[in-house]
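Read the structure below first, then the notes.
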Amino acid sequence: INRFGFSVNYGHNNFRQPRNLSQSWRENLLSETNRYTETDGSMKVQGKMNFIMSEASYEIDSLNLLSFSMMGHLGKFNGYGSIMNGDFDLNRNKTREFRNIIDMTNGWGAVSGNIDYQKTYNKPDKTLTISYKLDHSPRSTENINQIDGLLNYLSYRQKSSNDAYGNEHTFQVDYFNPVNKTHQVETGLKYILRQNVSRSDVFRFSEGIWEQDLTRTDDLDYDQHIIGLYAGYLLKVKTFSLKTGLRMEGTVNDGSFTSVRDTTFTNRMFNLIPYITLSKNLDKGQNVRASYTQRLSRPGISYLNPFYNDVDPLNVRFGNPELDAEVSHSFEMSYGKFSPKHNINISLNSSFTNNTIESLSTMQPNGVRITTYQNIGKNQRYGANGFGSLRLGTKFNLNTNLGATYVMLESNDGRNLSNSGFIYNGTMNIRYMPWKNGSFSAFGGLFSSGIMLQGNSSTMYFNSLSYSQEFLEKKLSVSASVSDPFRRRLKYEMIMEDPTFNQTSVNYVYNRMLRLNISYRFGNMQGEIKKARRGIRNEDLKSGGDSNTGGTSVGTPSTGTTQP
């Protein structure tokens with residue numbers, strides 16, 4: 001509408017997943033009485049999720065722009081199941097047995113919103129951008145456990161809850177100036193405030209009432225302040241370009257951890273982070289590029305959360321509030337060729353990190369495995385990646401991604417843990433359009449076994465088939481797709497080896513899904529929502545971690561959408 005534009009997209013998802021099965025076999029090398037442990041479990045989950053995406057813009061005048069965007073999802077699932085646990089001695093005589101009946105509720109989400117003010121000048125591409133961004137990541141867990149001791153194990157009922165969230169406020173100023181056709185400069189200032197909070201309570205059922213266990217308090221308040229200043233320079237000479245720059249980042253971490261022993265910690269860090277990229281355009285749409293980048297990966301609430309998750313009393317998990325940021329060095333060389341009919345890009349890359357955050361499991365003589373995170377890893381990677389796409393006429397498209405990496409992991413904590421090997425992955429998408437506004441698609445992929453410091457996970461593959469058709473001058477769209485049509489259920493296996501234990505875990509998950517989508521578009525929006533050319537991108541948080549706090553190996557839903 002004139003200089004103002006706005007769009008919003010909202011969706012709601014309900015899901016129910018058939019009962020998943022799990023089994024595990026473990027040898028405890030520290031005990032003769034509880035030498036072998038066998039488990040057999042199942043879990044059924046159902047839940048719902050809401051997601052939203054919105055953006056808006058207002059052109060104050062031809063040189064000043066305000067833009068806004070937000071996106072995110074919030075969800076909750078309920079799970080109910082049980083795990084049968086049995087221990088055996090060296091002679092395979094049963095020494096203890098209990099049943100764990102689990103009733104869990106897990107909530108998760110991620111919501112992000114930003115607003116940008118962009119000022120442009122009469123000089124082309126010269127811009128000043130002022131931005132603010134808010135990211136909110138809530139996590140909530142409530143577990144009720146009924147432990148039925150069947151042999152040499154105490155029966156009890158326990159209720160544990162954890163409310164955790166991470167808030168991230170980012171303020172940023174960017175200035176970009178193309179001095180002339182040969183030289184360009186950019187500079188900027190950024191401030192990030194991360195607030196990580198966790199509150200936990202544990203109750204035991206006694207004489208008809210729930211009594212709080214005051215010895216099981218695990219609360220965390222963790223603030224992280226980051227101030228960054230960067231400067232960059234771009235040189236273009238005919239077909240050659242050089243881009244280089246330096247970021248200076250100061251970090252202050254302030255935290256308080258309340259448990260049986262209260263702990264307050266403060267640490268300060270300063271990092272100089274350089275980057276450089278060399279590229280050259282060749283004839284016939286070809287180019288080559290070489291780059292070096294240093295990166296920081298900071299732990300988020302999923303890694304820091306000290307919540308003592310013993311929903312499975314033989315497999316306890318908790319985070320570590322005193323983790324440091326990872327510092328990695330990355331190198332890459334690539335070749336690309338682009339044309340209207342086919343594209344190809346091939347790259348060689350390597351990276352190394354001396355203080356990676358690794359999941360570390362230790363076995364206790366009583367048969368309990370404790371898992372947490374520590375900065376104990378050395379990680380080296382050497383890989384190659386390839387992308388290709390092919391268009392044959394107007395009816396057939398094919399594209400593929402392939403990658404292979406050799407990984408070397410080792411611990412630097414004196415335990416001499418190590419693991420290495422090749423990992424590889426590949427995807428392929430084929431689209432065929434036999435008639436007007438109709439298309440068939442086939443998609444498939446393969447991920448090799450994952451390599452961890454203490455073990456390996458199994459190879460996984462996936463595939464899907466779909467058909468779509470548009471009617472009424474493309475206003476009405478109908479599509480149908482099926483995932484995993486040739487497999488009744490997915491098998492996921494993990495093998496862990498340590499000087500104190502060996503363990504094999506197997507999960508069976510139903511992943512076959514049929515989807516039907518009907519949409520109708522009415523009206524006609526003139527133009528697109530305008531966006532600032534530059535904005536905030538925080539890529540320093542380490543992905544992964546135990547984001548599904550309170551979950552068990554049989555409690556993660558598969559919804560075909562964003563996962564917790």
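The values are calculated or read from the model by the stated rules, or taken from the named source; none is laboratory data. Quick caveat: nothing in here was measured; it's all calculated off a predicted structure. In this analysis, Cβ positions are derived from the backbone assuming ideal geometry, glycine residues included, and neighbour counts consider all displayed protein chains. To get the accessible areas, we keep the full protein, side chains included, count just its heavy atoms, and leave off ligands, DNA and RNA. Shrake-Rupley method; radii C 1.70, N 1.55, O 1.52, S 1.80 Å.
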Worksheet entry | Selection of trypsin sites (Lys or Arg not before Pro), region 407-459, meeting DSSP coil and at most 13 other Cβ within 10 Å | LYS436
Worksheet, complete the sentence: Over its alpha-carbon atoms, region 344-408 yields an Rg and a Dmax in Å of 20.5, 67
Worksheet item: Top to bottom by accessible area (1.4 Å), largest first, where do ARG391, ARG247 land?
Response: ARG391, ARG247
Worksheet item: Got a sec? Which residues in region 478-519 would a label at THR371 touch, if it sits 7 Å along Cα→Cβ and we count backbone N under 18 Å?
Response: 491-509
Worksheet item: Hey, what's the per residue convex hull volume over the C-alpha atoms of region 402-551, in cubic angstrom?
Response: 224
Worksheet item: What is the magnitude of the charge dipole of region 412-478 about its Cα centre, with +1 placed on the Cβ of each Lys and Arg, -1 on the Cβ of each Asp and Glu, and no other charges, expressed in debye to the nearest 20?
Response: 200
Worksheet item: Tell me, what does the Kirkwood hydrodynamic radius of region 250-301 come to in angstroms if you use every pair of distinct C-alpha atoms?
Response: 15.5
Worksheet, complete the sentence: Rg from C-alpha atoms of region 317-444, normalised by the globular rule of thumb 2.2 N^0.38 Å, equals 1.57
Worksheet item: At a probe size of 1.4 Å, how large is the accessible area of THR264, to the nearest 10 Å²?
Response: 120
Response to the item:
Using the Cα gyration tensor of region 201-287, the equivalent ellipsoid's semi-axes, largest first and to the nearest Å, work out to 55, 19, 7
Discussion item. Rounded to the nearest 20 debye, what is the charge dipole size of region 242-331 about its Cα centre when +1 sits on each Lys and Arg Cβ and -1 on each Asp and Glu Cβ?
Written reply: 680
Discussion item. Just to check, using Stokes-Einstein with a Kirkwood Rh over alpha carbon pairs, what's the diffusion coefficient of region 420-463 at 4 °C and 1.567 mPa s in µm²/s?
Written reply: 102
Worksheet, complete the sentence: Rounded to two decimals, the Rg over Rh value of region 34-114 from Cα coordinates and the Kirkwood Rh reads 1.46
Worksheet item: Of the trypsin sites (Lys or Arg not before Pro) in region 273-363, which ones lie in a loop per DSSP and count no more than 15 other C-beta atoms within 10 Å?
Response: LYS284, LYS341
Worksheet item: Accessible area per residue of region 1-145 at 1.4 Å probe, in Å²?
Response: 51
Discussion item. Please report the accessible area of ASP201 (heavy atoms, 1.4 Å probe, ligands and nucleic acids excluded) in Å², nearest 10.
Written reply: 60
Item to complete: Leaving ligands, DNA and RNA out of it, report the carbon-plus-sulfur percent of the accessible area of region 38-108 at a 1.4 Å probe.
Response: 54
Fill in: Dipole of the chain, positive end: most advanced residue of SER458, THR372, THR187 [Cβ charges, Cα centre]
THR187
Discussion item. Pairwise over distinct Cα atoms, reciprocal of the mean inverse distance: report the Kirkwood radius of region 94-178 in Å, one decimal place.
Written reply: 17.7
Worksheet item: Rounded to the nearest 20 Debye, what is the dipole magnitude of the chain about its Cα centre when Lys and Arg each give +1 and Asp and Glu each give -1 at the C-beta?
Response: 2980
Worksheet item: Going through region 5-64, which GluC sites (Glu not before Pro) have at most 12 other Cβ atoms within 10 Å and a DSSP loop state?
Response: GLU32
Discussion item. Could you check the spin-label model distance between GLU32 and LEU278? Points 7 Å from the Cα along Cα→Cβ, value in nm.
Written reply: 6.5
Discussion item. Calculate log10 I(q)/I(0) of region 158-224 for q = 0.12, 0.20, 0.26, 0.28 Å⁻¹, where I(q) comes from the Debye formula with a single equal point scatterer on each Cα and nothing for solvent.
Written reply: -0.56, -0.85, -1.05, -1.11
Worksheet item: How much accessible surface does TYR191 have with a 1.4 Å probe, in Å² rounded to 10?
Response: 70
Worksheet entry | Selection from ILE495, TYR510, ASN34 lying farthest towards where the dipole of the chain points positive, charges on Cβ | TYR510
Discussion item. For Kirkwood radius over Cα pairs in Å, one of (i) 24.0; (ii) 24.8; (iii) 27.2 was computed from the structure I shared and the rest are decoys. Which label?
Written reply: (iii)
